Amino acid sequence: MLSERIRIAREIHDTLAQGFAGISTQLEAGKEALFSSPHVAHEHLNLANLLARSCLEEARQYVWDLRHHVEGDDLASVLASMSRKLAAGLLLDFKVLGYPRPISETVESNLLRIAQEAIINAVKHAHARRIQVEICYGSQSLRLCVRDDGCGFDPQRAPAAEGHFGLLGMSERAKSIGGLLRLQTTLGKGTEIIVEVPVDNKL
Amino acid sequence: MLVVDDHAILRSGVAAMIDRQTDMVMVAEAGDGRQAIELFRQYKPDVTLMDLVMPVMDGVEAIRAIRREFPQSRFIVLTTFDGDEDIYRAIQAGAQGYLLKGMKREELFEAIKAVHAGSRYIPTVVARSLDARRTSPGLTRRELEVLKLIMDGKSNREIAGALSTTEGTVKSYVVNILNKLDANDRTQAVTIALKRGIVHL
């Protein structure tokens, strides 16, 4: 299928090609600072490393997507099965609100990636026991909400720490589909990520 | 220097490299074309590094708008794309330099110095595909519309519906597209168009 090949090419461009360009730029910046300010070089290397890991994660997820994304499955059911898989062993509360309807592939795949990242963060970094995933189809917008009861974090601190780094990617994804990502988190009191995307009803 | 790119990690890396140079100063960073215009007005940088594909407003449009207001402004395009159409459009818009992301920092500095001094900086690979574009026929607006619909996986009948025309007319557009792109079938036409930057993902 031509449209499937295009979707794949777009994914690779948006994630891997962008990622490699970022890695290479950070490595060059690291080399530039290597002798004169080793601590600055260290920061650039760290960033390159984090980005490389996140690309690897994207590649893994991407392979998972290819295996599981059956044409015709709607966003809510793909999201449900992905959430079940990622949150295996935890309490998962999955909810669909409003009237589900088809939405564009670009919006769909970006929302799935955001949800994936949020759930992985909740499992890996926040050590959550309970995760709530909610998708709400409004008349003009689509809202995705991922909530956990994990350890939370201080968004002002350590901006390059792993969880925050993924956060930047999520926020960029939300922007790329015309949406907005909001984050609420308090140390010890869990994290909530809400993405709201305007949806054209004709799609 | 002003750096415009929607990818924050890349932008910060480029900005950090430039800032470490004794003869260059970063004045601002922007995440899309519209922001670039505002920051340009505010800081009037000597040289601007500009990504092409960005949300809100793309790079070519931003270069055009800024050059209308500031004809002396200088731009280096910094992009992942190396299709001849992208290069052609950027140069037409008034960019004096072209860099592919993933370049060495020496190349970056060389490009900035060259463009600042009033010359052009177009790597050989880029210049070659620019020549190819100049000698090949461009697609008409209608042909481009048809090509984009083919890309969306639409059949001739669906395309005819979308453009309020007949299937026969669409067929002749498709034949023209295949000829101009030197393609054997629709799939190859899309692949070539993507590679050349005539259409984007």
Quick check on segment B:48-60. Is at least one of its residues over 29 Å from A:Ile177 (Cβ atoms), in a helix (DSSP H, G or I) and of a type outside the set (Lys, Arg)? no
Scan of segment B:7-43 for residues that are touching a strand residue (DSSP E or B) at 6+ places or on another chain (Cβ under 9 Å) and farther than 22 Å from A:Ala41 by Cα, ordered by number: B:Ala30, B:Gly31, B:Asp32, B:Gly33, B:Gln35, B:Ala36, B:Ile37, B:Glu38, B:Leu39, B:Phe40, B:Gln42, B:Tyr43
Being within 14 Å of another protein chain (Cβ to nearest Cβ), assigned to a loop (DSSP other than H, G, I, E, B) and at pLDDT below 85 is the filter here, so list the residues in segment A:150-203 that pass it. A:Pro159, A:Ala160, A:Lys202, A:Leu203
Take B:Gln42 and decide whether it is surrounded by fewer than 16 Cβ atoms within 10 Å (Cβ to Cβ), modelled with pLDDT of 95 or more and more than 20 Å from B:Leu201 (Cβ to Cβ). yes
Among the residues of segment B:120-154, count how many are basic (Lys, Arg), assigned to a helix (DSSP H, G or I), buried (at least 16 other Cβ atoms within 10 Å of the Cβ) and at pLDDT below 90. 1
For segment B:14-47, enumerate the residues that are touching an Asp or Glu at 6+ places or on another chain (Cβ under 6 Å) and touching a residue at least 60 places away in the same chain (Cβ under 8 Å). B:Met17
Segment B:52-67 residues that are at positive phi, paired with ones that are buried (at least 22 other Cβ atoms within 10 Å of the Cβ) and not in a loop (DSSP other than H, G, I, E, B) (beta carbon under 6 Å, 6 or more apart): none
Contacts under 7 angstrom Cβ, first residue in segment B:2-13 being within 9 Å of another protein chain (Cβ to nearest Cβ) and open to solvent by less than 10 Å² (accessible area, probe 1.4 Å), partner assigned to a helix (DSSP H, G or I) and hydrophobic (A, V, I, L, M, F, W, C), 6 or more apart: B:Leu10/A:Ala21; B:Gly13/A:Ala29
Taking only segment A:13-52 into account, find how many residues are surrounded by fewer than 21 Cβ atoms within 10 Å (Cβ to Cβ), within 17 Å of A:Leu168 (Cβ to Cβ) and free of Cβ contacts under 8 Å to residues at least 12 places away in the same chain. 1
Counting only residues in segment B:173-193 that are surrounded by 12 or more Cβ atoms within 10 Å (Cβ to Cβ) and farther than 10 Å from B:Ile150 by Cβ, the one nearest to the other protein chains (Cβ to nearest Cβ) is identified as B:Thr191
Within segment B:17-26, which residues are surrounded by fewer than 22 Cβ atoms within 10 Å (Cβ to Cβ) and facing another protein chain (nearest Cβ under 9 Å)? B:Arg20, B:Gln21
Subset of segment B:79-119 [open to solvent by 20 Å² or more (accessible area, probe 1.4 Å), free of Cβ contacts under 8 Å to residues at least 60 places away in the same chain and within 14 Å of another protein chain (Cβ to nearest Cβ)]: B:Thr80, B:Leu100, B:Gly102, B:Lys104, B:Glu106, B:Glu107, B:Glu110
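The values are calculated or read from the model by the stated rules, or taken from the named source; none is laboratory data. Predicted, not measured: the structure shown is a model, and the values here were computed from it. Ideal geometry is used to build each Cβ from the backbone, glycine not excepted, and the neighbour counts take in all protein chains shown. Side chains included, ligands, DNA and RNA excluded: accessible areas come from the protein's heavy atoms. Shrake-Rupley method; radii C 1.70, N 1.55, O 1.52, S 1.80 Å.
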